[in-house]
Structures are given as C-alpha cells and as structure tokens.
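Enquirer: Just passing along the structure, written as structure tokens.
The values are calculated or read from the model by the stated rules, or taken from the named source; none is laboratory data. Keep in mind the model is a prediction, meaning the values are calculated, not measured. Cβ coordinates were reconstructed from backbone atoms using ideal geometry, including for glycine residues, and neighbour counts include every protein chain displayed. Keep in mind that these areas ignore ligands, DNA and RNA; they rest on the heavy atoms of the full protein, side chains included. Shrake-Rupley method; radii C 1.70, N 1.55, O 1.52, S 1.80 Å.
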Amino acid sequence: LAKTTQPISMDSYEGQEVNITCSHNNIATNDYITWYQQFPSQGPRFIIQGYKTKVTNEVASLFIPADRKSSTLSLPRVSLSDTAVYYCLVGAFDGDSWGKLQFGAGTQVVVTP
Amino acid sequence: DAGVTQSPTHLIKTRGQQVTLRCSPKSGHDTVSWYQQALGQGPQFIFQYYEEEERQRGNFPDRFSGHQYPNYSSELNVNALLLGDSALYLCASSLGRDAYGYTFGSGTRLTVV
C-alpha cells in the first residue's frame with residue numbers, strides 16, 4: 001500500500017482558502033486518493049475522492065497532477081467548523097470492496113476568527 | 001436514513017476482562033470494518049467482515065475477534081484486555097462495490113484500568 005505524507009498541522013483564518021498537500025510517491029496505477037475529515041470524538045467522514053486531474057464537490061476540491069505522486073485538498077472559505085483532522089488515504093478498489101483504509105497521522109487544521 | 005450506530009458509547013473495563021462492542025451498519029450496507037484509534041493517532045484497521053466472514057485482517061493479535069450477523073450487524077470482541085487496548089473503536093460500513101468510501105460511526109470509547 002502506498003504510504004502518504006502530509007503536514008502535521010495548518011492554521012488558517014475564517015474565510016481563507018486552505019490547501020493541504022499530500023505526498024504519495026509510490027502510488028500504484030489502480031490506486032485512488034481519498035480524503036477524510038474527523039472531528040474530536042467522532043468517526044472520520046468521507047470528503048472527496050479522485051483518480052486524476054481535478055474533482056470538485058460541494059465541500060472541497062481535489063487537485064491531482066499528472067504524475068499522481070501528490071494531491072492537494074482545497075477547502076474554500078473555511079469557517080470555524082472546519083477545524084478538524086484531515087486524512088489523505090491511497091488505496092485501490094479490488095473489484096469487490098475498498099479493503100482496509102490506511103490512515104496516517106493526518107493534518108490538524110485549526111481555523112481562528 | 002440512520003447512519004452507522006455503535007454501542008455502547010463509553011465503556012470502562014479492568015485489565016484482563018473481556019469486552020464486546022456492537023455495530024449496526026448504515027441501511028443498505030453489507031460490509032463492516034473495525035478500526036482502533038489511539039489518542040492522537042489515525043485509525044488502525046483491525047478487520048473487515050462481509051457475508052458473515054472475516055475477509056481481511058490488520059496487525060492485531062488473536063485476542064481481537066469479530067462476528068457478523070445475517071442482518072449485517074457486527075460485534076468486536078477483545079479478550080484479556082490490556083491497558084494499551086484503551087482507545088476509540090470505530091465501526092465503518094460500506095456497500096461492497098460502492099466507490100464513494102466508508103461511513104463511520106462515532107465510536108466506542110474503551111478505557112482499560
């Protein structure tokens with residue numbers, strides 16, 4: 001399984017855009033990139049998933065360069081409620097399920113007024 | 001539509017005891033995975049159940065066992081509890097071929113004293 005590296009923490013002010021970059025140099029051809037968000041004392045929540053180029057949903061955007069060795073989660077105009085730990089995961093769908101998710105330590109994002 | 005339900009929410013056990021944690025998956029989901037999350041760390045995969053069978057397992061000792069019932073609900077059993085088993089135990093459900101990630105419950109906080 002491809003290992004991921006992401007910053008331990010990031011600070012931001014309300015209304016700003018937050019970009020979290022994740023490195024996954026050993027990503028395999030059939031691996032997807034998935035991001036989860038976790039608040040204290042809650043389980044992780046799926047945010048976004050992509051394979052290449054750019055994916056956007058109502059919560060975030062995911063930018064994946066052509067070599068796919070890194071990816072950037074972009075959170076537009078963050079609010080205080082976006083304070084959470086964000087995890088970058090890399091894994092493949094084996095035709096039956098996504099199997100086990102490999103979580104790293106994640107990035108603690110703190111949004112202040 | 002109920003999400004993933006876990007019980008109990010909190011539990012205190014004594015070293016050497018046994019514990020059973022329960023999980024009801026999101027409606028329509030047939031696959032259940034269990035994760036252990038120590039304080040300040042990302043969740044670690046314990047095992048995954050599908051069609052009442054364990055089909056993937058992480059690096060956890062045999063003291064950790066599970067079961068899945070015909071209604072897809074699941075149990076996590078831990079025998080001979082150690083102080084180091086104190087953690088947040090998360091259940092995640094998915095539909096086998098769903099490409100949009102897992103749905104996590106809020107977890108059971110287990111404290112071993």
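Enquirer: Under a 10 Å cutoff between Cα atoms, tell me which one of A:Val90, A:Val18, A:Val59 has the largest fluctuation in the Gaussian network model of chain A.
Expert: A:Val59
Enquirer: Return the tail of the calculated pair distribution for the stretch B:5-98, meaning the percent of Cα-Cα pairs more than 17 Å apart.
Expert: Summing the P(r) tail past 17 Å for the stretch B:5-98 gives 47 percent.
Enquirer: Total Å² of accessible surface buried at the B-A contact, 1.4 Å probe, nearest 100?
Expert: So the total buried area for this chain pair works out to about 1800 Å².
Enquirer: Same structure again: List every residue whose amide H lies under 5 Å from the amide H of A:Arg45, counting only residues 5 or more places away in sequence or on a different chain, with H placed 1.01 Å from N in the peptide plane.
Expert: A:Gln37, A:Gln38
Enquirer: Related question: Projected onto the charge dipole of the stretch B:5-98 (+1 at Lys/Arg Cβ, -1 at Asp/Glu Cβ, origin at the Cα centre), which of B:Pro70, B:Gly58, B:Gln36 gives the Cα projection farthest towards the positive end?
Expert: After comparing all options, I get B:Gln36.
Enquirer: Follow-up. Are there residues in the stretch A:44-76 whose accessible area shrinks by at least 20 Å² when all protein chains are included rather than the chain by itself, and which are they (probe 1.4 Å, ligands and nucleic acids not counted)?
Expert: So the qualifying set is A:Pro44, A:Phe46, A:Gln49.
Enquirer: Output the Kirkwood hydrodynamic radius of the protein assembly as shown, Cα pairs only, in Å rounded to one decimal.
Expert: 18.1 Å
Enquirer: For the protein assembly as shown, build the charge dipole from Cβ charges (+1 Lys, Arg; -1 Asp, Glu) around the Cα centre, then report which of A:Ala92, A:Thr53, A:Gly106 sits farthest towards its positive end.
Expert: A:Gly106
Enquirer: What does the charge add up to near A:Ile33, with Lys and Arg as +1, Asp and Glu as -1, over the other residues with Cβ less than 14 Å from its Cβ?
Expert: +3
Enquirer: Could you calculate the FRET efficiency of A:Thr5 with A:Arg77 from 1/(1 + (r/R0)^6), where r is the beta carbon distance between them and R0 is 35 Å, rounded to 0.05?
Expert: Between A:Thr5 and A:Arg77 the formula returns 0.85.
Enquirer: What's the local net charge at B:Val112, with K and R +1, D and E -1, over the other residues with C-beta under 15 Å away?
Expert: +3
Enquirer: Continuing with this model, one more query. When the solvent-accessible surface of protein heavy atoms is calculated with a 1.4 angstrom probe, in what order do B:Arg15, B:Arg57 fall, highest first?
Expert: In descending accessible area the options line up as B:Arg15, B:Arg57.
Enquirer: Using DSSP to define loop residues, name the trypsin sites (Lys or Arg not before Pro) in the stretch A:8-113 whose beta-carbon has at most 12 other beta-carbon atoms within 10 Å.
Expert: Passing sites in the stretch A:8-113 are A:Arg77.
Enquirer: For chain A, compute Rg over Rh where Rg is the Cα radius of gyration and Rh is the Kirkwood radius from the inverse mean 1/r over Cα pairs.
Expert: Taking Rg over the Kirkwood Rh, I get 0.96.
Enquirer: Name the lysines eligible as straight-distance cross-link partners of A:Lys69: C-alpha to C-alpha under 18 Å, and not fewer than 8 places from it in the same chain.
Expert: A:Lys3, A:Lys52, A:Lys54
Enquirer: Also, I was wondering about something else. Once you've got the GNM for chain B with C-alpha springs shorter than 10 Å, pick whichever of B:Pro43, B:Pro25, B:Pro70 has the biggest mean-square fluctuation.
Expert: B:Pro70
Enquirer: Loop-only check: which chymotrypsin sites (Phe, Trp or Tyr not before Pro) in the stretch A:26-92 are DSSP coil with at most 16 other Cβ within 10 angstrom?
Expert: When the chymotrypsin sites (Phe, Trp or Tyr not before Pro) of the stretch A:26-92 are filtered for loop state and at most 16 Cβ neighbours within 10 Å, A:Tyr51 remain.
Enquirer: Per residue, how much accessible area does the protein assembly as shown show when a 1.4 Å probe rolls over the protein heavy atoms, in square angstrom?
Expert: 49 Å²
Enquirer: Counting only protein heavy atoms, what percent of the accessible surface of the stretch B:34-90 is carbon or sulfur at a 1.4 Å probe?
Expert: Its accessible area is 47 percent carbon and sulfur atoms.
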